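Below you'll find the structure, written out as structure tokens, and then a few comments.
The values are calculated or read from the model by the stated rules, or taken from the named source; none is laboratory data. Note that this is a predicted model, so its numbers are computed, not measured. Quick reminder, even Gly has a Cβ in these numbers, built from the backbone with ideal geometry, and neighbours come from all protein chains shown.
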Amino acid sequence: MSNTKLLDVRHVSRSFRVGGLLSGVNMMAVNDLTFSLDKDKPEIFTIAGESGSGKTTLSRMLLRDLDPTLGEVFFEGRDVSAIKKRNEFTAFMQKVQPVFQNPFETFNPLRRVEEYLFDTAINFGIAKDKKSAMEEADRALHLVGLSLEELSRRYPHELSGGQIQRISVARALISKPSLILADEPVSMVDASLRMTIVNLFKKLRDEEKVSIIYITHDLATAYYISDRIAVMLRGYVVEMGPVEKVLGSPLHPYTQLLKESVPSPEPENKEDWAKRIGLSTIEVKEYSRQGCKFAGRCPKVTERCKQADPPDVEAEGRTVKCYLYSN
Ligand SMILES: Nc1ncnc2c1ncn2[C@@H]1O[C@H](COP(=O)(O)OP(=O)(O)OP(=O)(O)O)[C@@H](O)[C@H]1O
Ligand SMILES: [Mg+2]
């Protein structure tokens, strides 16, 4: 296979058994997902979609934290499910690094954050001794607009949410990764500081040539920083393409609805937002629905939508999974 791809996700699906062992059903949390990232063209690729659409499940498969039920994930031409040995896994993790939603969970509250950064440098073999570990930590911190001096001897609780999230990005940068998977990295950060974090991703793409998979509910920041976006609904990607096209002039009725109801940046309004877009607790019902998963909520639904999965159609510079655009 060509090794011009950094990441190549091919027809990946993941099912989970929900309900009892006998009475339960298999639910496809991620369904036949395909996309790739080029090695030579670092980009910010956003995965958007409401709660329970399969974003974290996808991210876990990309991080080798969960095996796909079907399909393959290739990183730099190598099937990641073939990574079995510890040293191979370390080498993989050096190149593919996560940034999580709650930065406070990344750091042990009882340890100074700098120690954590030093350990990361040593564990990945980036630094051989304390002195070079300090240099590497300082280098990574400078990339996020901080310095070792500023953090000196601080514990996580002595830092602000925005600072600690920037430090968790710095932690991810210590191993000099080529891909960062950021799962809701700004949802717990103050609205006023969100742009600092997302601007940081832009800078990493442009100056450090790091590709970023940005997982979010927040279409406003997604629009602002992404090159491409994939909109997920109940395990399926329903629309994917350049962000100006997909969010600028959405074709799928679900993307249209999402765009109309861009959530307020205030986290306490997330529930209201979920209500407005008709998100209910009948997730599993939607997952197991025949045909298009959006049929029950779609203003443009027709009979055939309820019968069989819509095809992936190439239309107006993006891919859209909807009968409205098929012949
Ligand atoms: N380990 C698991 N066992 C069973 N079901 C799971 C498991 N992990 C995820 N699921 C189910 O898979 C679906 C997708 O979950 P996932 O966490 O990937 O969604 P998400 O898009 O990340 O949601 P959110 O925006 O709330 O983080 C959900 O219905 C969830 O309940
Ligand atoms: Mg999630």
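Filter segment 3-33 down to the residues that are farther than 23 Å from Ser59 by Cα and among the hydroxyl-bearing types (Ser, Thr, Tyr) and list them by number.
Of everything in segment 3-33, just one residue is farther than 23 Å from Ser59 by Cα and among the hydroxyl-bearing types (Ser, Thr, Tyr), namely Ser23.
I'm told Ser59 meets every condition in (1) modelled with pLDDT of 95 or more; (2) more than 16 Å from ligand 2 (Cβ to nearest atom); (3) not in a loop (DSSP other than H, G, I, E, B) except one. Can you identify the failing condition by its number?
Result: Ser59 passes all but (2).
Is it true that Thr34 is in contact (Cβ under 8 Å) with a residue 12 or more places away in the chain, in a strand (DSSP E or B), away from ligand 1 (no atom under 15 Å from the Cβ) and of a type in the set (S, T, N, Q)?
Yes, satisfied.
Within segment 158-188, which residues are more than 30 Å from Asp40 (Cβ to Cβ) and either surrounded by fewer than 21 Cβ atoms within 10 Å (Cβ to Cβ) or within 16 Å of ligand 1 (Cβ to nearest atom) (or both)?
Selection gives Glu158, Leu159, Ser160, Gly161, Gly162, Ser187, Met188.
Condition test on Leu66, is it outside any strand (DSSP E or B), within 16 Å of ligand 2 (Cβ to nearest atom) and buried (at least 16 other Cβ atoms within 10 Å of the Cβ)?
It is true that Leu66 is outside any strand (DSSP E or B), within 16 Å of ligand 2 (Cβ to nearest atom) and buried (at least 16 other Cβ atoms within 10 Å of the Cβ).
Looking at segment 189-203, I want the residues that are over 22 Å from Glu105 (Cβ atoms) and have a partner that is of a type in the set (A, V, I, L, M, F, W, C) and in a helix (DSSP H, G or I) with Cβ atoms under 8 Å, at least 6 apart or on another chain. Which pairs are those?
As it stands, the answer is Asn199/Ile225; Lys202/Ile225; Lys203/Leu143, since those pairs meet every condition given.
Listed here are the residues, each with its yes/no results for (1) crowded, with 19+ Cβ neighbours inside 10 Å; (2) of a type in the set (A, V, I, L, M, F, W, C); (3) away from ligand 2 (no atom under 16 Å from the Cβ); (4) more than 19 Å from the chain's Cα centre (by Cα).
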position	(1), (2), (3), (4)
Asp32	no, no, yes, no
Ser51	no, no, no, no
Phe75	yes, yes, yes, no
Ser81	no, no, yes, yes
Lys85	no, no, yes, yes
Glu88	no, no, yes, yes
Asn108	no, no, yes, yes
Glu115	no, no, yes, yes
Ala121	yes, yes, yes, yes
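Which of the residues that make up segment 246-264 are within 21 Å of Asn31 (Cα to Cα) and assigned to a loop (DSSP other than H, G, I, E, B)?
If the condition is that a residue be within 21 Å of Asn31 (Cα to Cα) and assigned to a loop (DSSP other than H, G, I, E, B), then Leu251, His252 are the ones that fit.
Quick one: which residue in Val231, Val210, Val198 is farther than 21 Å from Asp40 by Cβ, among the β-branched types (Val, Ile, Thr) and either surrounded by fewer than 19 Cβ atoms within 10 Å (Cβ to Cβ) or away from ligand 2 (no atom under 16 Å from the Cβ) (or both)?
Answer to the check: Val198.
Among the residues of segment 40-62, write down those that are within 30 Å of Glu207 (Cβ to Cβ) and either without any contact (Cβ under 8 Å) to a residue 40 or more places away in the chain or near ligand 1 (Cβ under 9 Å from one of its atoms) (or both).
Hits for segment 40-62 are Asp40, Lys41, Ile47, Gly49, Lys55, Thr56, Leu58, Ser59, Arg60.
Any residue at all in segment 220-235 that's within 18 Å of Val301 (Cβ to Cβ) and either in contact with a Pro (Cβ under 6 Å, 6 or more places away or on another chain) or of a type in the set (Ser, Thr, Tyr) (or both)?
No, because not a single residue in segment 220-235 is within 18 Å of Val301 (Cβ to Cβ) and either in contact with a Pro (Cβ under 6 Å, 6 or more places away or on another chain) or of a type in the set (Ser, Thr, Tyr) (or both).
Could you tell me which numbered condition Phe45 fails, if it satisfies all but one of (1) closer than 30 Å to Gln163 by Cβ; (2) surrounded by fewer than 21 Cβ atoms within 10 Å (Cβ to Cβ)?
With respect to (1) closer than 30 Å to Gln163 by Cβ; (2) surrounded by fewer than 21 Cβ atoms within 10 Å (Cβ to Cβ), Phe45 is out only on (2).
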